[in-house]
Amino acid sequence: MSEENRKKLVHELEKKAIKLRIMTLEMMRDSEASGHYGGSMSVMDILTTLYFGGIMRVSPVNPKWEERDRFILSKGHACAALCPVLAEKGFFSPDILPTFNKLDSPFGMHPDMNKILGCDMSTGSLGHGTPIAAGMAMAGKYLKKDYRVYVVLSDGEVAEGSTWEAIEIISHFKLDNLCATIDRNKYSLDGPTEGPGILGERGIEGTMTLEPIGKKLEIFGWHVIECDGHNFDQLLDAYEEAARVKGKPTMVIAHTVKGKEISFIEDKYEWHYGQFNSEQYRMALEELNNKLKQLEQKSV
Ligand SMILES: Cc1ncc(C[n+]2csc(CCOP(=O)(O)OP(=O)(O)O)c2C)c(N)n1
């Protein structure tokens, strides 16, 4: 791709990711659902790159197409980000998004592969996406298919033992058709991932320390790429590089900000889960719409 076209693509992705954040917020506002704001906003640029940056091959007119790349949102609590992405991609009409988390809706707080077109795996219980991705990648190799498998994890999720078992298996079987991403927003549900790890009065305080995660993964036999998870040039480079790597799987450690683009929740784990009131929706949507306007006025 020429430098000029690449710049245009990055600009399109920047706009798309803001539009998708607006769709997420409007969906949650209109369905009156509570939800996972922080992790949905941090992962949005990663999802936008995979679905709209020419990285994943999927077919909205034929969601179960055998040759499609597989996608697993292992951090299933960010379903509020995935639903607008799949709607925007054309798997279903955005008109049904406001049913989010209502009885009889295809969209729950966590994704259901039997209800959401374009969703390859039901997730929500953390720690299962990577083992399932391992199986999909093994099947692809065994059946001599050239699809790739993409899985997106949250950083707090990496503490799950099943994830490490899968990390070992994936490199053991040299599953170079698998690319995982850690949404490295540095916060889990109730605090930073790099917790003090001390025994306090209430028991163990802090969550499981992750660092040095890149080195750990390299020792486990993975190709590791670290990038700014809100920089589309870097994200595109990372996924393009991953597709060229032979003989080992790739982990993209995407450094992100929990709550990205909504200033009053950025880096605030208190907004991992919650429910905005109408004034908070107004403020957040105003901020996002202003950002979108600025991007639309920017000449590339
Ligand atoms: C097995 C399991 N245990 C607990 C939970 C409850 N839970 C939901 S999200 C979350 C952690 C959130 O932090 P992180 O994994 O870093 O997600 P992100 O910051 O990307 O939203 C937890 C413990 C769960 N979904 N699954």
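Of all DSSP bridge pairs formed entirely within the chain, close to 20 percent run antiparallel.
As an exercise, identify the GluC sites (Glu not before Pro) in the stretch 3-60 lying in DSSP coil whose Cβ has no more than 14 other Cβ atoms within 10 Å. Within the stretch 3-60, the qualifying GluC sites (Glu not before Pro) (loop, at most 14 other Cβ atoms within 10 Å) are Glu32. Full extension of the chain between Lys115 and Met208 gives 30.1 nm of extra length, using 0.36 nm per residue less the Cα-Cα distance. Our estimate of slack between Asn289 and Glu270, defined as 0.36 nm per intervening residue step minus the Cα-Cα distance, is 4.4 nm.
3J(HN,Hα) along the stretch 220-236: 7, x, 9, 7, 10, 10, 9, 8, 7, x, 10, 10, 5, 4, 5, 5, 4 Hz, from the Karplus curve 6.51 cos²θ - 1.76 cosθ + 1.60 with θ = phi - 60°, whole Hz, x for Gly and Pro. Summarised in one figure, the compactness ratio Rg/Rh of the chain, Cα atoms and Kirkwood Rh, is 0.95. Amide H to amide H, with H built 1.01 Å from N, Ser188 comes under 5 Å of Thr193, counting only residues 5 or more places away or on other chains. Exposure proxy ranking for Ser74, Ser93, Ser188, Ser162, based on other Cβ atoms within 10 angstrom of each Cβ and starting from the fewest, stands as Ser93, Ser162, Ser188, Ser74.
Determine the alpha carbon to alpha carbon distance for each of Lys186/Lys215; Lys144/Lys216; Lys186/Lys293; Lys7/Lys246; Lys186/Lys260 and list only those over 23 Å. Each step should come with its number before you reach the end.
Numbers: Lys186/Lys215 17 Å; Lys144/Lys216 30 Å; Lys186/Lys293 30 Å; Lys7/Lys246 28 Å; Lys186/Lys260 12 Å.
Beyond 23 Å between Cα atoms: Lys144/Lys216; Lys186/Lys293; Lys7/Lys246.
In plain terms, the chain from Ser162 to Asp104 could stretch by 17.7 nm, reckoned as 0.36 nm per residue minus the Cα-Cα distance.
Under 5 Å from the amide H of Thr181 lie the amide H atoms of Val151, Val152, Leu153, Val252, each residue being 5 or more positions distant or on a separate chain, with H modelled from the backbone and absent for Pro and chain starts.
Peptides 47-58, 207-218 ranked from most to least packed, by the mean per-residue count of other Cβ atoms within 10 Å: 47-58, 207-218.
Mean sequence separation of contacting Cα pairs (under 8 Å, at least six apart), scaled by the length of the stretch 1-130, corresponds to a relative contact order of 26 percent. Between the amide H of Phe71 and those of Asp120, Tyr150, distances stay under 5 Å, these residues lying 5 or more places away or on another chain, with hydrogens modeled in the peptide plane.
Laboratory data are not the source of any read-out in this text; all were calculated from the coordinates shown. On a predicted model such as this, the values are computed, not experimentally measured, just so you know. With ideal geometry, Cβ positions are generated from the backbone for all residues, glycine too; neighbour counts draw on all protein chains shown.
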